[in-house]
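Written below as C-alpha cells is the structure these notes are about.
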Amino acid sequence: AMDDKEYAQTFYPGMASACLVPMVVEDRVVGIIAVGEARRWEQQPVDQEKINLLQAIAAQAAASVNNVQLRQSLQQHLDRMAVVNEVTRAITSTIEMDQLLELIYQQLSRVISAETYYVALHEIESNAIDMRVIIDEGERFPPIQVPYGEGLASYVIQERKPLLIH
C-alpha cells in the first residue's frame, strides 16, 4: 500500500486513478510504466483489457530498455578493455615510473569518473606505500609515503582483492 507522502511524490494533485505496471525481463524488473487519470474510475475505468495492453507495452518497453542497457554495458566493457590495452602498451614502452603512473591515472580517469584518485606503489624495502599520483576534487597533491601495515591500502595489499565500501 502506498502512503500519502509516496502518493504525493508519484502523482500530481487531482489524480483520481492510476495503474502501475512493472517492466520485466527474465524475472528482473528494469522499470515501471505508470498511467494516471484525473477523472473518476467509473467514468474511465481501468479494466483488465487496459491492464493487458499496458502489460504488453511494458513487456516490449522492458525488452528495449534491456537491449539498450546491454549495449551500454558492452560499450563500457569495450572502453575499459581499450584502457587496459593502452595501459599494457604503455607499460611495455615506458621506462620512467612517474610517467607510467601518470599514464595509468589518465587512462583510468577517462573511463571511471571519481572525485579522488591515487596510484601508489608498495615499497617492500622501506615497508611503505608510496603514493605517487594523488588527485582529490581535481586538485593534485604532492607524493607522500605512508607506513605499510595499517589502513585500507595496506588491507587491500594484504588481502590481494578489491575492497568496496558503501
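None of the figures in this text is laboratory data; all of them are computed from the coordinates on show. Every value quoted in this text rests on a predicted model; they were computed, and no experiment measured them.
For the stretch 86-153, the C-alpha radius of gyration sits at 1.16 times the compact-globule guess of 2.2 N^0.38 Å, with N the residue count. The amide H of Leu121, built 1.01 Å from its N in the peptide plane, has Asp130, Met131, Arg132 as neighbours under 5 Å, considering only residues 5 or more places off or on other chains.
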